[in-house]
Amino acid sequence: MAKDLGIQSQKDEDTNKWYTELITKGNLIEYTDVSGCYILRPKAQFMWDTIREYIDKLIKEDGVQNASFPLFIQESLLLKEQEHVEGFAPEVAWVTHAGDTKLNEKLAIRPTSETIMYAAYAKWIRSYNDLPLRLNQWCNIVRWEFKHPQPFLRSREFFWQEGHTVFETADEAKKETKDILLNIYKKTYEDLLAVPCLVGYKSDKEKFAGAEYSMSCEVYLPIGKAIQGCTTHFLGQNFSKAFGIKFMTKDEKEDYGYQNSWGFTTRSIGVAIMAHSDSKGLVIPPKIAQNKIVIIPITKKENEKEVIEFSDNLAKELKEFSPYVDKRNKSFGFKLNDAELGGYPIRLEIGGKEIESKEVVLTRRDTLEKTKIKLTDIKKTIKKTLEDIHINLFKKAKKLLEENIVEEYSDLNKIIKYVKAGKIVRTCYDGTIETEDILKDKTTGKTLVIPFEEEDVSKLKCPFSNNSAKHIVYVAKSL
């Protein structure tokens, strides 16, 4: 393989360049002339389709229905919930003209759909018999962030699902936010993407604008930074009061609905490939790989037809794994390197000797370990190997997470040192936004999550403010 076709940057030396090379040379992304807006190439689209199908099945089994709402939102609707508006105002892209005609009212390009959906909910909900209302939509979102965009991880246009639900009681709504996070989102990261998560409540500073509280899955990446993987939000009655989503209770009293919103995005693709990939190229979790196997024929002039035919027949036998037979007019070495760059979970090498011995060489992408396997056992072996790759990727990522969590509850200098060294610090704080500002300034990190399990911190002092501690919290640098 020509040198410039492979990954030139090392993952642990220049992460940004490595990541850019990884997603472009690995055929996941193509850049466009609009900053922060990217083309998902078929390999990446397959990943998102797989994630979408997985989550869609789980939420439908949980009783959620899909719907679709408009891309454009009237300015008057967006302004209805003030805290929400203030949170999104810098990121909203506006349509002001249709051709040369100025619109009577500006239209926001959907940064999130609370406002457009809740205006409809107010028309549909009249009685407790109309509850719960649990809808989800799969769509694209535009947020004109000012931070440096990175494909998947922080883009101005992205794909996601957003669930928006209304309940009769606060307890029902609160239960859903945790159930979605743990039973669907965390499950998706762990069972589909082989990525372990820290879960818990977001701090008041980091919660969703307009929510009573937010929860999230946080992922630790090998580059020494954490990233928010997904969120669920208990909105309470903040939006229902703003939009008039009220109903007649069983006691014939009028009340406002209790609401949630929750979302999972294409960021998950970037999280997974950054968590698992190496300086040779992509390492794709088997369950989201478009082609789980690449078959590389090793040919000579005298046996080319036989080897190609054998490879094609083997691909048909293994069609459940969507194999790709690399028949390009390239050298064997080029194809080996390209297979590593492309992240195929399993590579099979087939030549005249393999046909004669009825054995093939199998290489795992996660460990690059090679073994000879009998053709008579090939389906069973490949299925087991794919399962082993998933387990190994998850165990490796979990080990990395656990080894990089340190505890320090009193010594601020140590906390600063740990965070700057790329660790996640389990510490405590007084729960105030003012203290979070101090924390960010001192450590260059931020709060990730407050664990769900309440712990006694009555004897602890906040190391950032010296006030009485209120919560245990995880702190780290964030991508």
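Just so you know, all these numbers are worked out from the coordinates, no wet-lab data involved. Small disclaimer: the values here were computed from a predicted structure and weren't measured. Neighbour counts run over all protein chains shown; Cβ positions are idealised from the backbone, glycine included.
ILE350 sits among other residues whose Cβ lies under 14 Å from its own Cβ, and their net charge, with Lys and Arg +1 and Asp and Glu -1, is +1.
Based only on other Cβ atoms within 10 Å, what is the fewest-to-most ordering of SER458, SER357, SER214, SER9?
Ascending number of Cβ neighbours within 10 Å: SER458, SER357, SER9, SER214.
Taking the Cβ of LYS305 as the centre, find all other residues whose Cβ is under 15 Å away and add up their charges (Lys, Arg: +1; Asp, Glu: -1). Around LYS305, the surrounding residues sum to -2.
Fewest Cβ neighbours within 10 Å first, please rank THR232, THR169 accordingly.
Working: THR232 27, THR169 15.
Ranking THR232, THR169 by Cβ neighbours within 10 Å, fewest first, gives THR169, THR232.
Need one number: nm distance between label points at ASN467 and PHE334, each 7 Å from Cα along Cα→Cβ, rounded to one decimal. In this crude label model, ASN467 to PHE334 measures out at 6.5 nm.
Taking amide H positions as modeled 1.01 Å from N, with prolines and chain starts lacking one, no residue 5 or more places away or on another chain lies under 5 Å from PHE69. Here the stretch 367-407 and the stretch 114-175 have alpha carbon centers that stand 36 Å from each other.
Are there any trypsin sites (Lys or Arg not before Pro) in the stretch 141-187 that are in a DSSP loop and have at most 16 other Cβ atoms within 10 Å? List them by number.
On the way: sites: ARG143, LYS147, ARG154, ARG156, LYS174, LYS175, LYS178, LYS186, LYS187; in loops: ARG143, LYS147, ARG156.
Here the trypsin sites (Lys or Arg not before Pro) that fit, given the DSSP loop and packing criteria, are LYS147.
Sorted from fewest to most neighbouring beta carbons within 10 Å, what does the list THR165, THR249, THR32, THR15 look like? Spell out each step's value before the answer.
Details: THR165 25, THR249 14, THR32 11, THR15 19.
Ordered by Cβ neighbours within 10 Å, fewest first: THR32, THR249, THR15, THR165.
Tally Lys/Arg at +1 and Asp/Glu at -1 over every other residue whose Cβ is under 13 Å from the Cβ of GLN290; what's the total?
Values: positive: ARG41, LYS43, LYS287, LYS292; negative: ASP49.
Here the charged neighbours net out to +3.
As an exercise, identify the GluC sites (Glu not before Pro) in the stretch 217-265 lying in DSSP coil whose Cβ has no more than 13 other Cβ atoms within 10 Å. Walk me through the numbers on the way to the answer.
Numbers: sites: GLU218, GLU252, GLU254; in loops: GLU252.
In loop regions of the stretch 217-265 (DSSP not H, G, I, E or B), the sparsely surrounded GluC sites (Glu not before Pro) are GLU252.
Think of the stretch 59-218 as having a plus end and a minus end, set by charges on the Cβ of Lys, Arg, Asp and Glu; of ILE125, TRP144, GLY63, TRP144 sits farthest toward the positive end of this dipole. Over what distance in Å are the Cα centres of the stretch 336-356 and the stretch 207-225 separated? Between the Cα centres of the stretch 336-356 and the stretch 207-225 lies a distance of 39 Å. Cβ-Cβ distance of ASN27 and THR169, R₀ of 35 Å, FRET efficiency by 1/(1 + (r/R0)^6): the value works out to about 0.10.
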